[in-house]
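Single-structure report; data block below.
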Amino acid sequence: MRIAAGSDHAGLDLKLLLVEHLRKLGHEVEDLGTHSAESCDYPDYAAAVARAVQAGDADQGLLVCGTGVGMAIAANKLPGVRAAVVSDTFSAHATRQHNDANVLCLGQRVVGPGLALDILDAWLAARFEGGRHQRRVDKIEALARHGDTG
Ligand code: RB5
């Protein structure tokens, strides 16, 4: 898969670990920053990754900040982007299977590196199930584009 990755300073170390893991698995990863531990603003990196996913330049996105929450709030402003904050392996596969989530958000201050790697593996292994879930995802997209589920 082509994966766009991003973090702020608070998610840098975990992002680097996960990017290395993804590359070892053979995925094509573009790290859109940040590239240093200097304090920066997470919405800038959420926007870069979300745009790559929205444009189809990346199949999936990965965002890491202190909590993962700010990244998800920002990334979800773009129609077509479904960013999910995940801190357990069940949610990691369920949000791919049911929500067709396309951006995984993690909190470096929330999950340790071992759990984060397991979450990423669960995310990668899962597939969207379609069917009734497609109808619901269509409603989310209608809400994002037209302000209503209809
Ligand atoms: C940075 O201190 C922190 O606010 C940020 O990484 C993130 O957790 C925001 O949601």
Farthest towards the positive end of the dipole of the chain, among Val111, Gly6, Gln60 and with Cβ unit charges of +1 on Lys and Arg and -1 on Asp and Glu, lies the Cα of Gln60
Between the alpha carbon centres of the stretch 43-61 and the stretch 65-139 the gap in Å comes to 14 Å
Probe 1.4 Å, accessible area per residue of the stretch 30-150, Å²
50 Å²
Where a ≥ b ≥ c are root eigenvalues of the Cα gyration tensor, a/c under 1.5 meaning rounded, otherwise prolate if a/b exceeds b/c and oblate otherwise, the stretch 75-150 counts as oblate
Relative to the longest principal Cα axis of the chain, at what angle does helix 132-146 sit, 0 to 90 degrees, rounded to 10?
80 degrees
Prolate/oblate/rounded label for the stretch 5-80 (Cα gyration tensor, a/c 1.5):
oblate
The helix 42-54 Cα axis meets the longest alpha-carbon principal axis of the chain at an angle in degrees, between 0 and 90 and rounded to 10, of 50 degrees
What is the ratio of the Cα radius of gyration of the stretch 14-150 to 2.2 N^0.38 Å, where N is its residue count, to two decimals?
1.01
In a shell of Cβ-Cβ distance under 13 Å around Arg136, excluding Arg136 itself, what net charge do Lys and Arg (+1) and Asp and Glu (-1) give?
0
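Could you please report the charge total around Gly150, scoring K, R as +1 and D, E as -1 over all other residues with beta-carbon less than 11 angstrom from its beta-carbon?
Net of charged neighbours comes to -1.
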Of all accessible surface on the chain at a 1.4 Å probe, what whole percent is carbon and sulfur?
50 percent
Exposed loop sites here are GluC sites (Glu not before Pro) in DSSP loop states with at most 14 other C-beta atoms within 10 Å. What is the longest stretch of the chain lacking them?
39-128
Straight distance only, please: which lysines reach the Cα of Lys77 with their own Cα at less than 19 Å, same-chain residues fewer than 8 apart left out?
Lys139
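The values are calculated or read from the model by the stated rules, or taken from the named source; none is laboratory data. Remember, predicted model here, so these are calculated numbers, not experimental data. Note that we place each Cβ from the backbone using ideal geometry, even for glycine, and neighbour counts take in every protein chain shown. The area values use the complete protein model at the heavy-atom level, side chains included, leaving out ligands, DNA and RNA. Shrake-Rupley method; radii C 1.70, N 1.55, O 1.52, S 1.80 Å.
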